[in-house]
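Enquirer: Starting off with a structure, shown below.
The values are calculated or read from the model by the stated rules, or taken from the named source; none is laboratory data. Since this is a predicted model, take the numbers as computed values, not measurements. Using ideal geometry, Cβ is built from the backbone for each residue, glycine included, and neighbour counts are taken over all protein chains shown.
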Amino acid sequence: MKDSALSTQQSAPRSGHRVIGSSGQLKHQRLTVILLFLVCIFTSAQDKDEPFHPADPAIVFDLFWEAATPQSYTITLEASGKAKYVSRNPTRIPEGSNTADPDYVLEFTMSPASRDRAFTLAKALNYFSGDFDYKHKIANTGRKTLTYADPTRHFQTTYNYSENKDIQEITKLFQGISNTIEHGSKLQFIRRFDKLGLEKELKGMEDMAQNGYLAEIQIIAPTLKNIINDPTVLNLARDRARRLLESHL
């Protein structure tokens with residue numbers, strides 16, 4: 001009986017030790033998981049904030065203005081002239097839908113003259129290294145961000161409005177490109193669903209072009225040519241499309 005009692009007393013501590021060891025191991029595993037999770041978050045944040053360094057120099061213009069349509073767009077211009085346009089309405093959900101419309105994406109080639117001018121302006125602006133934002137109260141015209149990046153440099157500046165003439169010029173260029181692309185997309189829609197509305201839309205585009213609010217009209221040349229060559233479109237609209245195209249080629 002004594003041996004049996006002693007055996008029971010001796011086995012109890014071993015059992016207790018196993019429980020403590022299992023609990024400690026579990027805590028260690030939990031701590032390891034938490035640490036790994038934190039490392040992943042930190043690494044992800046670093047990757048997100050890490051400035052990109054493309055093989056070829058690039059300029060990126062980004063604009064966000066919640067009240068506008070589109071609300072946001074980004075134009076990426078490479079030194080070769082290759083460019084990409086992406087527009088979106090992130091906070092505007094269409095009626096009857098639970099999600100925003102998909103991004104509108106268009107790849108195009110910028111004219112050599114506009115490409116060279118954009119990079120000349122970037123150089124004159126010290127590749128956007130600086131604060132160009134107007135410091136006094138002024139109406140909101142959208143948050144604009146200009147970025148320059150190459151294999152060794154990455155600079156960025158954000159502004160609503162700037163008194164700097166070079167900033168104004170490069171902003172006007174990129175905003176004009178956005179206007180051209182968005183109106184080109186609208187022309188495609190109208191030609192498909194409301195051909196009688198083409199003349200009014202094209203007249204408005206002619207006025208915008210004359211006032212310098214459209215840029216790089218050759219981007220939408222295929223759309224204008226389709227209208228010009230469509231015998232089911234009113235001649236007045238076809239003539240406006242022809243003038244718009246020929247005056248900016």
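Enquirer: Applying the selection to segment 158-193, what residues are of a type in the set (S, T, N, Q) and not in a helix (DSSP H, G or I)? Quick ask: steps written out before the conclusion?
Expert: To start, the set of residues in segment 158-193 that are of a type in the set (S, T, N, Q) comprises 158, 160, 162, 164, 168, 171, 175, 178-180, 185, 188.
Within segment 158-193, Thr158, Asn160, Ser162, Asn164 meet the criteria.
Enquirer: Checking the conditions here, which among Lys200, Lys186 is exposed (fewer than 15 other Cβ atoms within 10 Å of the Cβ), out of contact with any Gly (no Cβ under 7 Å at 6 or more places or on another chain) and among the basic types (Lys, Arg)?
Expert: Lys200
Enquirer: Yes or no: segment 76-85 includes at least one residue that is under 17 Å from His183 (Cα atoms), modelled with pLDDT of 95 or more, of a type outside the set (Gly, Ala, Ser) and assigned to a loop (DSSP other than H, G, I, E, B).
Expert: No, segment 76-85 contains no residue that is under 17 Å from His183 (Cα atoms), modelled with pLDDT of 95 or more, of a type outside the set (Gly, Ala, Ser) and assigned to a loop (DSSP other than H, G, I, E, B).
Enquirer: Suppose the filter is aliphatic (A, V, I, L, M) and buried (at least 16 other Cβ atoms within 10 Å of the Cβ); does Leu234 pass it?
Expert: In short, no.
Enquirer: Then there is this: So which of Gln175, Gln168 ends up being in the same structural domain as Pro70 (by TED's automatic domain parsing) and either surrounded by fewer than 19 Cβ atoms within 10 Å (Cβ to Cβ) or free of Cβ contacts under 8 Å to residues at least 12 places away in the same chain (or both)?
Expert: Gln168
Enquirer: Looking at (1) within 16 Å of Leu63 (Cβ to Cβ); (2) assigned to a helix (DSSP H, G or I); (3) aliphatic (A, V, I, L, M), which is the only condition Leu196 fails?
Expert: Looking at each condition in turn, Leu196 falls short on (1).
Enquirer: With the condition kept exactly as written, say whether any residue in segment 179-189 is in contact with a Phe, Trp or Tyr (Cβ under 7 Å, 6 or more places away or on another chain), assigned by TED's automatic domain parsing to the domain that holds Arg115, aliphatic (A, V, I, L, M) and under 24 Å from Phe64 (Cβ atoms).
Expert: yes
Enquirer: Would you be able to tell me the number of residues in segment 98-157 that are in a helix (DSSP H, G or I) and of a type outside the set (Lys, Arg)?
Expert: Number satisfying all stated conditions: 13.
Enquirer: For residues that are more than 24 Å from Lys84 (Cβ to Cβ) and among the basic types (Lys, Arg), scanning just segment 99-140, find the one that is surrounded by the fewest Cβ atoms within 10 Å (Cβ to Cβ).
Expert: Lys137
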